[in-house]
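Every number here is computed from the coordinates shown, using simple stated rules; none is lab data. Model, not experiment: these values are computed from the prediction. Heads up, the Cβs are rebuilt from the backbone with ideal geometry, glycines too, and the neighbour counts pull from every protein chain shown.
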Amino acid sequence: MKHSITIGFDAKHAMSDDAEFGAYSRLVIEALALAAPRYSYFRPYIPTRTPHKGYEAIERLHNIETMEPDGALWRKLTLPWRVWRVAHDLHNGGVELYHGLTEHLPLGLAARKIRSVVTVHNMAYLYDKNILNSPENLIHRLYMGRILHRVDRIVAVSESVKRDIVKHCNIYPDKIDVVYSGVAKRFTEPVSDEQIAKVTEKYMLPERYLLSVGRHIERRNMLNIIRIMPMMDHELHYVIVGKTTTHTMRLQRVAKSLGVLDRIHFITNATEDEMPAIYKRASILINISKYEGFPTSVAEAMSVGTPCIASRKLCMEEIAENSALYVSATNRDEIMSTIRRLLEDKELRDELIATGRRHASRFRPEVVAFNLINCYHRIGVNIRG
């Protein structure tokens, strides 16, 4: 079968459970492969192969071919391969465009006339006071600046991220396309009673709970939710789904000191297939982060049909619009009163759920694919279905 175009991807995280990079990489690769099944060929380039159920399903599509380092030496030197050698492999493989899905771009693409696109997921390093002046932050700023100036096209996962790129990286706005990260199809499919019962039993979920989803980091303000729990109905619990960090110990310590540790549940090993049921069982999804590039948990909750409370930030208001209630992330009285209002007002809950599902249609995988195809078209790469 002849393919009219070959697209390469930096797919380092496609086989990982990383909530941001991994899920995004798989969604994009699969969505594009399904959108252009006849005349396009997609090659994810990975430095190391690891078992992953979600990626293995994508790999079975006929127009997907996973590429690994060629030769024993490069399989050992995976970082140098990803930075320097992969451009050679792309050229030999006839790749016309390379998309850095995870804010990375190899050297040597322009010299081999391979067009390039990079996705920028967030600019959190500009706002996190804990790392603002660290050497790692400086290196990241220099690295991102270099990439963004030499890439042919930039994909920002929200208008909020685009504004930050323009403001802080001196990039011309017309070089940037806003393409929302998207929400996997599983979140728009009906969640059965059997699925809900299964996750409820497995994770011993309480009858009523607030839900936050994401890696445990300070800027997500999970601590402020824990601090209001003593003042909330004692039957209301708080479930946090995401990877633990050093910040987790602080969350646990504060919960214990307030006497609410038995009402705080940490779930660190939930699978992608279990997440829709966990969202569905929740009374409210609450994301009062100080900064998000694309608030994935809000978009997923909207898709499932769970009402949301979000921080009064531009990225949140852009994604949820009028389908969420907004609070100051530091105003505990406002957070408490908004939670109580949403728990008690059925009419308001139903309204937010209905509008949330309508707005969430913007994040379907086929919409992501359509917008990325248009992005590629702007630099002369024309994908046909």
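For the chain, a crude dipole built from +1 on the beta carbon of Lys and Arg and -1 on the beta carbon of Asp and Glu, taken about the Cα centre, is about 1060 debye to the nearest 20. Cα-based radius of gyration for region 188-361, normalised by 2.2 N^0.38 Å, reads 0.95.
The peptide list 192-198, 213-219, put in order of mean Cβ contacts within 10 Å with the highest first, becomes 213-219, 192-198.
3J(HN,Hα) along region 205-211, derived from phi through the Karplus expression 6.51 cos²θ - 1.76 cosθ + 1.60 where θ = phi - 60°, amounts to 5, x, 5, 10, 8, 7, 10 Hz, with x in place of Gly and Pro. Between region 106-121 and region 1-60, the alpha-carbon centres lie 17 Å apart.
Using the eigenvalues of the Cα gyration tensor, what equivalent ellipsoid semi-axes result for the chain when each is taken as the square root of five times the eigenvalue, whole Å, largest first?
Taking √(5λ) for each eigenvalue gives 37, 22, 20 Å, largest first.
The lysines whose alpha-carbon is closer than 23 Å to the alpha-carbon of Lys113, local same-chain residues fewer than 8 away aside, are Lys2, Lys12, Lys175.
If R0 is 51 Å, what FRET efficiency do you get for Asn170 and Arg250 from their C-beta distance, rounded to 0.05?
Details: r = 37 Å, r/R0 = 0.72.
FRET efficiency, Asn170 to Arg250: 0.85.
The mean sequence distance of close C-alpha pairs (under 8 Å, at least 6 residues apart), as a share of the length of region 302-366, puts its relative contact order at 43 percent. Report relative contact order for region 24-77 in percent, whole number only (criteria: Cα-Cα under 8 Å, sequence separation at least 6). So the answer I get is 38 percent. What the phi angles of region 81-98 give under the Karplus curve with 6.51, -1.76 and 1.60, with θ = phi - 60°, is a coupling list of 4, 5, 8, 10, 7, 4, 4, 4, 5, 5, 4, 5, x, x, 6, 8, 9, 10 Hz, glycine and proline written as x.
Checking the Cα-Cα distances for Lys185/Lys280; Lys53/Lys280; Lys162/Lys243; Lys162/Lys313; Lys202/Lys280; Lys256/Lys280 against a 21 Å cut-off, the pairs over it are Lys53/Lys280; Lys162/Lys243; Lys256/Lys280.
For the chain, what does the helix formula give at 222 nm: sum of -39500 (n - 2.57) over DSSP H segments with n ≥ 4, over the residue count, nearest 500 deg cm²/dmol? Don't skip to the answer; put the middle values down first.
On the way: 15 runs with 154 residues, N = 385.
Roughly -12000 deg cm²/dmol at 222 nm, from the helical runs in the chain.
Just checking the listed ones, Ile225, Ile288, Ile29: in the Gaussian network model of the chain with Cα springs under 10 Å, the one fluctuating most is Ile225. Around the amide H of Tyr209, modelled in the peptide plane, lie the amide H atoms of His237, Ser283, Ile284, all under 5 Å away and 5 or more residues distant in sequence or on another chain.
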